[in-house]
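The values are calculated or read from the model by the stated rules, or taken from the named source; none is laboratory data. This one's a predicted model, so the numbers in the text were calculated from it and none came from an experiment. Reconstructed Cβ throughout: ideal geometry from the backbone, glycine too, with neighbour counts over all protein chains shown. We work out accessible area using only protein heavy atoms, side chains counted, and drop any ligands, DNA or RNA first. Shrake-Rupley method; radii C 1.70, N 1.55, O 1.52, S 1.80 Å.
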Amino acid sequence: MKNAELSQKLVELLDLRYEPIGVKIIRKGENLPEGFTEPANNIRHCQSIMRARNGESFLIPAEKHACVVGASSLGLVPTPPKVKSGEFHTNLAMFECTDAASNMISQRPELEEGSAIATVVGPLKLFKFEPDVVILVDVPETLYWLVPAATFFEGGRQTFSTAAFQATCVDTTLIPLLTGKMNMCLGCFGCRRSTDIKNEEMIAGIPYVNLEKMVEALEKIHDGPMQKARKKKG
């Protein structure tokens, strides 16, 4: 299926509030894709995600990334010493001490420094090439249905990894990309402070390589289990 078709199916099957979002990390040596333009001002990765769900699209070179915490995890810039030491996040009063904050950073997945030159973020339907991941933002009931879709063919359980920070850059971009498995999170301090995500919304990241099979599973459960659950008596 083409990306526009996949996007439309996701919207219809899940009754999504927003557009499915494609994210591509452009690695060093790769060409920048056509059809996407740089933002006028610097922008955070989480901001680009939330704006893309409403139809905007961006090609964001390393120097246009406003958040060095997110950009460093994506391999775009070096990790600042104060971030690595824990001082930066401790100063936000989210950790008791620098050791606790640095422990969070030391455990985060990250791409090799300098391995990426830009990110491309926009509605999935606009991608003429394969993104790395597809991100959905919605309420828990809607995103719940991704779990039975992910386990429909092989069963098993889903395990999600998250932290107090980096909901979009690490939790729903890097983890799905590096593990090949869907990941969900509740948002994070930076995302909730810097974007228009609603209090009741959360985020899911799906590896693009798994997307078509998940859509197939959603088609199989849509008319039966999904409708039975959604039409329950109050």
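Summary of values
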quantity	calculated
Residues of segment 195-221 classified as within 15 Å of P176 (Cα to Cα) and open to solvent by less than 10 Å² (accessible area, probe 1.4 Å), total	6
Search result, residues across segment 125-152 that are open to solvent by less than 70 Å² (accessible area, probe 1.4 Å), aliphatic (A, V, I, L, M) and within 19 Å of Q8 (Cβ to Cβ)	V133, V134, I135, L136, V137, L143, L146, A149
Unmet criterion (only one of (1) at pLDDT below 95; (2) surrounded by fewer than 20 Cβ atoms within 10 Å (Cβ to Cβ); (3) not hydroxyl-bearing (S, T, Y)) for Q158	(1)
Strands (runs of 3 or more DSSP E) enclosed by segment 21-124 - at least 1 residues per element that are within 26 Å of K198 (Cβ to Cβ), small (G, A, S) and open to solvent by less than 10 Å² (accessible area, probe 1.4 Å)	21-27, 116-123
Residue tally, condition in contact with a Lys or Arg (Cβ under 9 Å, 6 or more places away or on another chain) and under 19 Å from E63 (Cα atoms), over segment 79-121	9
Odd one out for K128, checked against (1) part of a loop (DSSP other than H, G, I, E, B); (2) under 30 Å from S102 (Cα atoms)	(2)
Yes/no for S7 being open to solvent by less than 10 Å² (accessible area, probe 1.4 Å) and part of a helix (DSSP H, G or I)	yes
